[in-house]
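Q: Got a structure for you, questions after.
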Amino acid sequence: MTIPYSRFLPLSFCISALLAGCAPTRQLAVNYPSTDEGDPKAAQATKTRPFQALPNFPSIDGDDYYVKLIAEFAFKGDTALKSGCNSLIASFSKNDLSSALIFNVRNSILKLDTEAVGYSYQSTTGKCNFKFEAKKQNLTPWMRLDSGTETQVDYSLYSSANSDVDVAGLVSKTTAASSLLAFTGVGLGVAVLGQFTGQLLNTSQQTPASQAVTPPANQSAETHSLPAFVSYTDKSGTLKETAFKVNAVTEGGVNPLNEDIKPIGELRVYPEITPSLLLRTKADGLPDARDVSWMEISQSPMKSATGDIKLQQVIEQSKHPEKPNLQPNWNDYEDVQVNCRKIKVVMKDLGFNKFDRNAYIYYFLLNSADWKNYNIPAQKAQAESVNTKTLQNYRRNNFGACLISDDIAAMKAMGLPVNTESDWAQMGDSSQKKEQFFMPLKSIERQLLTVLKNTNQAKMESQIYPLLTTAGKGDGTVLLQNHLGDFGLEKLLQQPAAPAAPTSEPTQNPEAATNAVTIAPSAPLPPPIPGEGIIITAHQLVQVFLGLAFNEFSCARIIPEQMGKPTANAGILLFTTQAGGPRAKGGAMEFEFSGGKINRIAFQSPSYRDFEQDTIDHPEMGGCRIDAELLTKVR
């Protein structure tokens, strides 16, 4: 075929060339961050944020925090890629120009080896036919800080001008390989060693980016490593953010040497940390485990690639060899302690840090009475006068096979009411001081009850004599008072009248003589005991004890007015009497002592000095427990 000559052909050729030159394409270029600290550009590409040891903790522990790595693209101008376009037509079948940045994330401890797309760009001839994707995504799940520091991140830059090279396919496969990281919880994914990580590892190994494409001459690829994104020593740590400057580069046009470079944004790779994934955080940065129940924390949702799963299910479905029984025999201390230990081991292997582990363990143990006893508040122990022996029994069941001092410290830092060793030391000192406070009372009580429970008058006198003394009459005497009412106490103190002696002079009237022997003068009525009482002897006191016909006794307690004072010198005990005795039902006996001897004894009603109500409010005090049943008997 012959093409006819036309005088317009040179002009047409020029116009075609001009049009071709006015239809440039746009490629993306990346200024990758410099790892050279001396490079001034490194300061622009890398930002650091410090973090500190949590309050009340001497240094940063790798078990304190969780950390995860995030990739996020931040646009610097919405129209940078669209400038010069009259219409946007995504109508290309093959990509003439394409580029991508792909991350490879590895952590040998967690058996993590996966890839993620930082951004992907595909375009054909012309400025308006392009596709750009850059989504915010998690490059790692939440990891404990000690595990997270071992994470290594490489990035690969791919650029191709070959329409036969399927970079889009590479991006698609890499996206599929990293889909299992689309969760934010801990306890699933890479944190479950050998279970979900096996799925992740197998998927990523099927299509590694390094084997996806063999770069031809018109394709470039380079791989670099990012610096560690988290580090810590002693009290301070550093989080490092890296930014990739992404630019749009116009290629072609009338002057192909004149490249139009416009920044379109930054691809930021940055870490986040948190001290807890199960609990809210207080203003000081510590997790707050208060006002949570066993049910609530067990139902905490864990986000996985397949949907939410409850924390309790994560533990129960774990294939860990130490899988615990979450419903042990709560009355069996050893059974509860063994399963507490298993929970601790399993949750640590699942990736939970010390705060979340110990919050869960605390509410698990709260079902056990032994745990409640071990964490008895000091105020309660003091108010109920729990004796030293009982406190020692409480402290003995300390779940030491499960918990160490660091666990208890973590619980306390979260606001949970637990007793540390220092708390127990203070309670022990307080208990010993209280025992010293009650010791004189207990000594008098033991000696007095020995006398009261005896029935032999001679033995009673020999036992009670050295226990009595008054300032006015000396040893063997006591001041006796009566605030119980008229029950014949004066008669119990009266000596039996002696028979009249017969006369020695003879009498002429035998009847008169008989009357002289048998008729004695009537005994005078005993004077009433004054309010301040009278001083009597040990012999008289024993007469009173025997005459009252005691039946049973309570232990002795300090009178309410003297509680909380440095010393005490007065105690009260309750007694009941036998049927037919001078005092129906019984009453209370108050005794005052000093120097190991009783100076005063007073009979009184149980309600005197508000003793009855104090006993109801505090059934046990100073190791003396008085049950309501005995109070009912003496009313």
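Q: Would you check if there is a residue in the range 333-342 being assigned to a loop (DSSP other than H, G, I, E, B), closer than 29 Å to LEU54 by Cα and open to solvent by less than 10 Å² (accessible area, probe 1.4 Å)?
A: Checked the range 333-342: no residue is assigned to a loop (DSSP other than H, G, I, E, B), closer than 29 Å to LEU54 by Cα and open to solvent by less than 10 Å² (accessible area, probe 1.4 Å).
Q: Sticking with this structure for a sec: Here is a list: THR35, THR79, THR46, THR25. Which entry is under 30 Å from ASP284 (Cα atoms), at pLDDT below 90, open to solvent by 20 Å² or more (accessible area, probe 1.4 Å) and not hydrophobic (A, V, I, L, M, F, W, C)? Give the derivation first.
A: On the way: THR35 fails: under 30 Å from ASP284 (Cα atoms); THR79 fails: under 30 Å from ASP284 (Cα atoms); THR25 fails: under 30 Å from ASP284 (Cα atoms).
Unique residue meeting the criteria: THR46.
Q: When residues of the range 60-76 are filtered for being part of a loop (DSSP other than H, G, I, E, B) and either in contact with a helix residue (DSSP H, G or I) (Cβ under 8 Å, 6 or more places away or on another chain) or loosely packed, with under 13 Cβ neighbours inside 10 Å (or both), how many remain?
A: Residues that pass the stated criteria total 6.
Q: Turning to a different aspect of this structure: Taking the options LYS240, LYS262, LYS282, name whichever one is open to solvent by 50 Å² or more (accessible area, probe 1.4 Å) and modelled with pLDDT under 90.
A: Just a single option satisfies the conditions, and that option is LYS262.
Q: Sticking with this one: Of all residues in the range 285-321, count the ones that are in a strand (DSSP E or B) and closer than 30 Å to PHE51 by Cα.
A: Residues of the range 285-321 in a strand (DSSP E or B): 287-288, 301-304, 307-310.
From what's left, closer than 30 Å to PHE51 by Cα: 287-288, 301-304.
Looking only at that region, the number is 6.
Q: For the range 525-536, state whether one or more residues are hydrophobic (A, V, I, L, M, F, W, C), in a loop (DSSP other than H, G, I, E, B), open to solvent by 60 Å² or more (accessible area, probe 1.4 Å) and farther than 17 Å from GLN494 by Cα.
A: Let us first name the residues in the range 525-536 that are hydrophobic (A, V, I, L, M, F, W, C), namely 525, 529, 534-536.
Still in the running and in a loop (DSSP other than H, G, I, E, B): 525, 529.
Remaining after also requiring open to solvent by 60 Å² or more (accessible area, probe 1.4 Å): 525.
Filter again for farther than 17 Å from GLN494 by Cα, leaving none.
Looking for residues that are hydrophobic (A, V, I, L, M, F, W, C), in a loop (DSSP other than H, G, I, E, B), open to solvent by 60 Å² or more (accessible area, probe 1.4 Å) and farther than 17 Å from GLN494 by Cα, one finds none in the range 525-536, hence no.
Q: Return the pair list, or none, for Cβ contacts closer than 9 Å from residues in the range 307-330 that are aromatic (Phe, Trp, Tyr) and at pLDDT 90 or above to residues that are buried (at least 16 other Cβ atoms within 10 Å of the Cβ) and in a loop (DSSP other than H, G, I, E, B), at least 6 apart or on different chains.
A: If the second residue must be buried (at least 16 other Cβ atoms within 10 Å of the Cβ) and in a loop (DSSP other than H, G, I, E, B), the pairs left are TRP330/SER368.
The values are calculated or read from the model by the stated rules, or taken from the named source; none is laboratory data. Keep in mind the model is a prediction, meaning the values are calculated, not measured. Note that we place each Cβ from the backbone using ideal geometry, even for glycine, and neighbour counts take in every protein chain shown. Surface accessibility is based on the protein's heavy atoms, side chains included, excluding ligands, DNA and RNA. Shrake-Rupley method; radii C 1.70, N 1.55, O 1.52, S 1.80 Å.
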